[in-house]
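**Student:** The structure under discussion is supplied below as structure tokens; questions concerning it will follow.
The values are calculated or read from the model by the stated rules, or taken from the named source; none is laboratory data. Treat the numbers as computed from the prediction; the structure is a model and nothing was measured. All Cβ positions, glycine included, derive from the backbone under ideal geometry; neighbour counts span all protein chains shown. Just the protein is used for accessible areas: all its heavy atoms, side chains included, with ligands, DNA and RNA removed. Shrake-Rupley method; radii C 1.70, N 1.55, O 1.52, S 1.80 Å.
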Amino acid sequence: MQSDPRLEAIFSSFDGCREELILLLQRVQEEFGYLSDAGMEAVARFTGVPEGTVFGIATFYAQFRFTPVGRNHVAVCRGTACHVRGARCILEAFEQHLGIKQGQTTPDREYSLETVACIGACGLSPCVMTNKKVQAKMTPGKVAEVFGRNGSAAK
Amino acid sequence: MSRSFEDLRARALKRWEFLQADPRPRILIGTATCGRSAGALEVRDALRQALAAWGIEARLIEVGCIGLCYAEPVVAIARPGMPTVCYGEVTSERAAELVARYLAGGDPAAEYALGTLGKARVDGILPLFDTPVLKRQVRRTLGRCGWIDPTDIDQYLAHGGYGGLARALEAGPAAVIEQLRAAGLRGRGGAGFPTWRKWQLCREAAGSDKYLVCNADEGDPGAFMNRALLESDPHAVLEGMLIGGHALGARTGYIYCRAEYPLALERLRTALAQAEAYGLLGDDVLGSGFRFDIKVKEGAGAFVCGEETALIGSIEGRRGMPRPRPPFPAAAGLWGRPTIINNVETLACVSLILQKGPAWFAQYGTEQSKGTKTFSLVGQVQRPGLIEVPLGIRLREMIFDIGEGLIGGRPLKGVQTGGPSGGCLPAALLDAPVDYDSLKAAGSIMGSGGMVVMDDTTCMVDFARYFLDFAQQESCGACPPCRLGTKQMLDILTDFTEGKGSAGDLDLLEDLARGVAKGSLCGLGQTAPNPAVTTLRYFRDEYEAHVHARQCPAGACRALISFQIDADRCIGCSACKRVCPTDAIRGDRKQAHRIEQDRCIRCGACLDACPPKVAAVERLSGNFVPVEA
């Protein structure tokens, strides 16, 4: 297949050694929003690591995703402090509000919903992250507010 | 060699004194991750606007986190000739008000103040360090956090920073290791292994290529001590790494930091560039001939990578899967070379020990656990935050003095220490001293410092299920006891929380817990049963209620509770309807309302919203089947 200029641009600042593999996958995901098969194949070729091994590594780590996320991405923290302060209800409120389950994206690709292990803002629990912005001291009632009037999450 | 360090320090001190003598007011604002999530960046912008509107020239300095999470965003205002006052829960509007009242008007706005700093006093405001939250703390590792600009190496230097490195370079590796031994420093990541012994082993290991790794993969959910330290005082960790690299004879250091901590990564990279520019890193550290480089590696979201051998695999670009030990990393680690892996806080303690001496470090603590320790005190506690206390302090002091008790004055049910590897201790053990050995004796561990407080609304069976769910998801899958055992334990616990447990399951769960702990390869599996084991030990009656009566005494397990509106009591005020997040309440105004059970997520918002005089909403526990009208 033809080489993708966006991938080439990423690879240009790497040597292609094994040690860089995870970082390469992270950069590819940053650029494309997810790891496509073609992206992983290109990383395999560039590093000389077998495709199966690259896939095995990518699926091992929770950070990597293999489908695109929605334009608004919601991550509900499932840390311990959030758990004891009602993270379950917040997740369920999001699921009802968006009509999708965790790990899913709405059919119009507007919203995606996932859980994260711990954001590390435990003193302000429960928390969610919307488009990389941490929303502290959440309540199920604030779920609708997160999306504002026009329906898109605060950037 | 020490000359050039003296030059660096003299210049930094001069800059610091110049800053202190500046006649303009100074405003410190905490913009670490927790501050930001509470809106610190918006407050910063509001402060700028207010200053401009009033025509006040002031220095606005972004600092890290002083650990008062409950009060974020936190702002400290120093007005020359007046006391420095620290304010909490500052909103954009309040920021403008503070500029108007204190900087423009001279009124310190005591009603918004958390406390004063320095010697000057204000009527009606306690000195910040005399307030209950801070009075019992001994802030050493966190001493600079929130007071210096973490992006300015000179501020670290002006506060004694890199003095430990200069001393270490002069004293030599053997003397450094001896100082750590004298200080009694034990690893702050959880296991509590004496740091000096680990270093000694690596130092004695053959070979010239050695590595020092800083483990900043703070994976325990509910813990953020390392994040706050890296964001607020990154040079303290770099200095510890340099001291370690020199003592071990290593040339390369790695910082393995979670990708979930973007700000910590950014601050680390800034700090590394500054240290290099100052000759504190690189080919010839402070002209001593010692060569050391530090690389940053981003983790990719795997809890198991906190385990030493898994972390090594991840740095090498492989899956983070643990391997059997021995050989220990100190003998054969990264690329088969001797490698030392130290926690972030351990390395910051190393810097302090070299700066201030082992006797100073050992002033606090117990016979076997020296020094102070940082904890993230979170959960159902009034004053959640990042705290630092002398080891040996009682749990009661931490929760009730520093944390000021539980939210709403609810009764304490338990406290979880040590994250997923730790255990859950009951209120009866509140007088246990917090140190490595006492918590272990109680069935938990001190761990890296996560401390989650729970009140009577937390179900202990569900809590154990939560941790087993975590362990099961994070198991790397290499060894069957962990891979299959945690899954089976999770299934049993899930059954309990859904009212599907049977009498034999409690014994089976205990059996499985023993097997998983005994048969697993690494610490993740060996400790994964702990939350279940300790809750079974201390809260067995709750398990029995779930299994035998199909009830959740805490009223938390979703499948075992429901909310109902008593039609005879309901006055139709719609207070519940307004707060229901899922629109599950039906009924016209002034008519009795009812809850649509299939839309209800059992959050209890309706119960809280119903006026106490009416009290029409009830929480029912047991395998209640709602009857739809």
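**Student:** Just want to confirm a number: the relative contact order over chain A, from Cα pairs under 8 angstrom separated by 6+ residues, in percent.
**Tutor:** For chain A, the relative contact order is 19 percent.
**Student:** Still on this structure, I have one more. Go through region B:477-486 residue by residue and turn each phi into a ³J(HN,Hα) via Karplus (6.51, -1.76, 1.60, θ = phi - 60°); whole Hz please, and just put x for glycine and proline.
**Tutor:** For region B:477-486, the Karplus curve yields x, 5, 10, x, x, 6, 4, 8, x, 5 Hz.
**Student:** So, one more: In terms of modelled amide H atoms, which long-range or inter-chain residues lie less than 5 Å from the amide H of B:ARG323?
**Tutor:** Result for B:ARG323 returns B:THR309, B:ALA310.
**Student:** If you don't mind, another one. To the nearest 20 debye, what charge dipole does region B:460-548 have about its Cα centre, counting +1 at the Cβ of each Lys and Arg and -1 at the Cβ of each Asp and Glu?
**Tutor:** With Lys and Arg at +1 and Asp and Glu at -1, about 380 debye.
**Student:** What is the sum of charges around B:GLY282, taking Lys and Arg as +1, Asp and Glu as -1, for the other residues whose C-beta is under 10 Å from the C-beta of B:GLY282?
**Tutor:** Charge balance in the 10 Å sphere: -3.
**Student:** Rounded to the nearest percent, how much of the accessible area of region B:372-455 (1.4 Å probe, protein heavy atoms only) is carbon and sulfur?
**Tutor:** 51 percent
**Student:** Per the 1.4 Å probe, what fraction of the accessible area of region A:5-60, in percent, lies on carbon and sulfur atoms?
**Tutor:** Carbon and sulfur: 51 percent of the exposed surface of region A:5-60.
**Student:** Moving on to the next point. Tally up the carbon and sulfur contribution to the accessible surface of region B:16-131 as a whole percent, 1.4 Å probe, everything protein left in place.
**Tutor:** Percent of accessible area from carbon and sulfur atoms in region B:16-131: 52.
**Student:** With a sphere of radius 9 Å drawn around the Cβ of A:SER125, what net charge do the other residues whose Cβ falls strictly inside it have (Lys, Arg +1; Asp, Glu -1)? Working shown, then result.
**Tutor:** Values: positive: A:ARG85, A:LYS137; negative: none.
It works out to a net charge of +2.
**Student:** OK, next. Using protein heavy atoms only (no ligands, DNA or RNA), what is the total accessible area buried between A and B, 1.4 Å probe, nearest 100 Å²?
**Tutor:** Roughly 3900 Å².
**Student:** Specify the angular offset, from 0 to 90 degrees and rounded to the nearest 10, of the alpha carbon long axis of helix A:87-98 from the longest principal axis of the alpha carbons in chain A.
**Tutor:** 80 degrees
**Student:** Here's a follow-up. Probe radius 1.4 Å, ligands and nucleic acids left out: which of B:SER562, B:SER438, A:SER12 has the largest accessible area, and how do the rest follow? Present the calculation step by step, with values, prior to reporting the outcome.
**Tutor:** Details: B:SER562 0, B:SER438 35, A:SER12 95 Å².
Final ranking, largest accessible area leading: A:SER12, B:SER438, B:SER562.
**Student:** Separate question: For the protein assembly as shown, list log₁₀ I(q)/I(0) at each q in 0.07 Å⁻¹, using the Debye formula over Cα point scatterers of equal strength and ignoring solvent, two decimals each.
**Tutor:** The computed values of log10 I(q)/I(0) come out as -0.53.
**Student:** What accessible surface, in Å², does a 1.4 Å probe find on B:LEU212, ignoring ligands, DNA and RNA and rounding to the nearest 10?
**Tutor:** Approximately 0 Å² for this residue.
**Student:** Let me ask something additional. What accessible area per residue comes out for the protein assembly as shown, rounded to a whole number of Å², with a 1.4 Å probe?
**Tutor:** Accessible area per residue, the protein assembly as shown: 39 Å².
**Student:** When the solvent-accessible surface of protein heavy atoms is calculated with a 1.4 angstrom probe, in what order do B:ILE399, B:ILE407 fall, highest first?
**Tutor:** Putting B:ILE399, B:ILE407 in descending order of accessible area: B:ILE407, B:ILE399.
**Student:** Note every residue of region A:14-34 with a reduction of at least 40 square angstrom in accessible area, all protein chains present versus the isolated chain, computed with a 1.4 Å probe, or write none.
**Tutor:** SASA drop of 40 Å² or more in region A:14-34: A:ARG18, A:GLU19, A:ILE22, A:GLN26.
**Student:** Which residues belonging to region A:113-133 lose at least 50 Å² of 1.4 Å-probe accessible area when the assembly is complete, relative to their chain isolated?
**Tutor:** A:CYS118, A:GLY120, A:CYS122, A:GLY123, A:LEU124
**Student:** Turning to a different aspect of this structure: Using the Karplus curve 6.51 cos²θ - 1.76 cosθ + 1.60 with θ = phi - 60°, work out ³J(HN,Hα) for each residue of region B:94-99 in order, rounded to whole Hz, and write x for Gly and Pro.
**Tutor:** Per-residue couplings from phi come out as 5, 4, 5, 5, 5, 4 Hz.
**Student:** Using only helices, what value at 222 nm comes out for chain B when you add -39,500 (n - 2.57) per DSSP H run of length 4 or more and divide by the total residues, to the nearest 500 deg cm²/dmol?
**Tutor:** Working: 24 runs with 238 residues, N = 629.
Dividing the helical sum by the residues of chain B leaves -11000 deg cm²/dmol.
**Student:** What's the longest uninterrupted piece of chain B once you rule out the trypsin sites (Lys or Arg not before Pro) that are loop residues per DSSP with at most 16 other Cβ within 10 Å?
**Tutor:** That would be B:292-499.
**Student:** A further question on this structure: Ignoring ligands and nucleic acids, what accessible area does B:ASP45 show with a 1.4 Å probe (Å², nearest 10)?
**Tutor:** In the full protein context, B:ASP45 sits at about 60 Å².
**Student:** Right, another one. List every residue whose amide H lies under 5 Å from the amide H of B:CYS424, counting only residues 5 or more places away in sequence or on a different chain, with H placed 1.01 Å from N in the peptide plane.
**Tutor:** Those lying under 5 Å, H to H, from B:CYS424 are B:THR534, B:THR535.
**Student:** For region B:505-583, calculate the relative contact order in percent as a whole number, restricting contacts to Cα pairs under 8 Å that are 6 or more residues apart. Let's see the in-between values first.
**Tutor:** Working: 31 pairs, mean separation 10.6, N = 79.
Worked out over region B:505-583, it gives 13 percent.
**Student:** Can you sort B:THR252, B:THR582, B:THR151 by 1.4 Å-probe accessible area, starting with the largest?
**Tutor:** In descending accessible area the options line up as B:THR151, B:THR252, B:THR582.
**Student:** Relative contact order of chain B: what whole-number percent is it, with Cα pairs under 8 angstrom and at least 6 residues apart?
**Tutor:** 11 percent
**Student:** Sum up the charges of everything whose Cβ sits under 12 Å from the Cβ of B:ARG94, counting Lys and Arg as +1 and Asp and Glu as -1, but leave B:ARG94 out.
**Tutor:** -4
**Student:** Over the heavy atoms of B:HIS246, what accessible area does a 1.4 Å probe trace out, to the nearest 10 Å²?
**Tutor:** Approximately 30 Å² for this residue.
**Student:** Run down the lysines and flag those whose C-alpha is under 30 Å from the C-alpha of B:LYS413, throwing out any fewer than 8 positions away in its chain.
**Tutor:** Output for B:LYS413: A:LYS137, A:LYS142, B:LYS135, B:LYS370, B:LYS373, B:LYS440, B:LYS487, B:LYS500, B:LYS518, B:LYS613.
**Student:** Anything losing 10 Å² or more of accessible area from the isolated chain to the full protein assembly: pick those residues out of region A:64-81, probe 1.4 Å, ligands and DNA/RNA ignored.
**Tutor:** Relative to the lone chain, where solvent access is computed with a 1.4 Å probe, region A:64-81 loses at least 10 Å² at A:ARG78, A:THR80, A:ALA81.
**Student:** I need the phi-derived Karplus couplings for region A:116-121: 6.51 cos²θ - 1.76 cosθ + 1.60, θ = phi - 60°, integer Hz, Gly and Pro marked x.
**Tutor:** Here the 3J(HN,Hα) series is 10, 4, 6, 7, x, 10 Hz.
**Student:** Give the long-range amide H neighbours of B:LYS295: residues separated by 5 or more places, or on another chain, with amide H under 5 Å away, using H modelled in the peptide plane at 1.01 Å from N.
**Tutor:** The list, which skips near neighbours in sequence, is B:GLY253, B:TYR254, B:ILE255.
**Student:** Under the rule that an exposed site lies in a DSSP loop and has at most 12 other Cβ atoms within 10 Å, name the longest stretch of chain B with no GluC sites (Glu not before Pro) of that kind, not counting the sites themselves.
**Tutor:** Result for the longest clean stretch: B:58-366.
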